[in-house]
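What follows is a single structure, written as structure tokens, with notes after it.
Throughout, read-outs are computed from the coordinates displayed, never taken from laboratory work. Just so you know, these numbers come straight off a predicted model, no measurement behind them. Note: ideal-geometry Cβ built from the backbone for every residue, glycine included; neighbour counts use all protein chains shown.
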Amino acid sequence: MERSAAGPRRFAVVTEEARDHHDRGPSRVTHGASAGERIRTVVVEDHEDIARLVANRIATLISERNAAGEQTVLGLATGSTPIGVYRELIRMHNEEELSFADVVTFNLDEYYPMPKESIHSYHRFMWENLFSHIDIKPENVHIPPGDLPRQDIEDAAQRYEHTIERAGGIDFQILGIGKTGHIGFNEPGSGADSRTRLVTLDTVTRRDAAADFFGEEYVPREAVTMGVATILDAREIAIIATGEHKSSIVKRAV
Ligand code: PGA
């Protein structure tokens, strides 16, 4: 992952210490980047704390934007990392009247090729883990296409960028980080100025996905992903990482 030049955007990074490693010392919640941190970092005890922190921030943002008569534009991620956040948002929708009626979403990426109805598609993941359980308007949901002919992908990728622009840009982006350091499917080597496009997946990324696909040979070799520049245009970004297997890449990233 490459760093952006400068700007007013705020980064929040949330990491978690593994539950079975409390002997390393108490969890700490740090506000404001401390020496040695390039990104403001918050370390919490477990998945539920991360979910509550990020979901509360999103709920606050939605209520602020609603009060200003504006829609809220969220950038969303898939994978195991954000599931707790989505569960908490669904709970807030059911129990606290959090409404997504004026929320517009853009997902980071989709495998290519990938039919929407496949059990492996990020389209399906998002509907099953979030959208079907809240009051979002289907026309406000945007996910990069994995099911177009190859020759149509470039145009569709440009349209994706324009649609984000027309929505006013992304207010809050949820990001996971892969073991390669990828954000979205921008593998190492992706340019800081990259935009939504078709990319080739790293071997490590495909190996990490192998269990979900019942074998590495069934993991797609490509994906359509927002670019690094698309992601860094978001006004606020939360990179979330959980579990010991992410510790070394988090150390390098923050
Ligand atoms: P994970 O993936 O949430 O399944 O760990 C994160 C990523 O690869 O970006």
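Note on the chain: Lys pairs 8 or more places apart or on different chains, Cα atoms under 30 Å apart, count 5.
Considering helices alone, the calculated mean residue ellipticity of the chain at 222 nm is -9500 deg cm²/dmol, with DSSP H runs of length four and up weighted by -39500 (n - 2.57) and normalised per residue. Rg/Rh, computed from the Cα trace of the chain with Rh as the Kirkwood radius, has the value 0.94. When the Cα positions of 175, 67, 104 are compared along the charge dipole of region 10-253, 175 comes out farthest toward the positive end, with charges on each C-beta of Lys, Arg, Asp and Glu. For region 190-243, applying the loop criterion from DSSP together with a ceiling of 16 other beta carbons within 10 Å to the chymotrypsin sites (Phe, Trp or Tyr not before Pro) yields 213, 214.
Using the average count of surrounding beta-carbon atoms within 10 Å as a protection proxy, the listed peptides 177-188, 134-145 rank, highest first, as 177-188, 134-145. Annotation note: GluC sites (Glu not before Pro) in region 84-123 located in DSSP loop regions with a Cβ neighbour count of at most 14 within 10 Å are 97, 117. The residue list 41, 123, 201 was ranked by how far each Cα lies along the charge dipole of region 10-253 toward its positive end, using unit charges on Cβ atoms, and 41 comes out on top. Using the average count of surrounding beta-carbon atoms within 10 Å as a protection proxy, the listed peptides 220-229, 119-128 rank, highest first, as 220-229, 119-128. The protection proxy used here, the mean number of other Cβ atoms lying within 10 Å of each residue, ranks peptides 99-107, 163-171, 148-156 as follows, highest first: 99-107, 163-171, 148-156.
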